[in-house]
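The structure appears right after this line, and notes come after that.
Since every read-out is calculated from the coordinates, none of them should be taken as a lab result. None of the values given here were measured: they were computed from a predicted structure. No Cβ is skipped: glycine too gets one built from the backbone with ideal geometry, and neighbour counts run over all protein chains shown.
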């Protein structure tokens, strides 16, 4: 669905959700060090382009902070998990319609299931 075909009520809800997510991401801005000692800079998702959002998701994934778990096993990494979720939601909410091309479905589980 193109932006011009999104019903006004849905568009308003999306804008509100994006504002809330941007607020959450802004509150978490700054450097973060994972429980394993990997440093990553957290930028507000609202300030990033689609390409930057995609790169940030890859950078987060490269830290390996979750391993093969759906949530981080170490509670100290919970803020990074929340940030990752907000960046993911911003990426899929804003960028799917911007012609970045299809995502490589084989990259969804980069670390695999069996190591």
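The ranking of 85, 39, 94 from fewest to most other beta carbons within 10 Å of each one's beta carbon is 39, 85, 94.
Pairwise inverse Cα distances across the stretch 30-101, averaged and inverted, put the Kirkwood hydrodynamic radius at 12.6 Å. Placing a label point 7 Å from the Cα of residue 36 along the Cα-to-Cβ direction, the residues of the stretch 64-92 whose backbone N falls under 13 Å from that point are 64-69, 72-74, 77.
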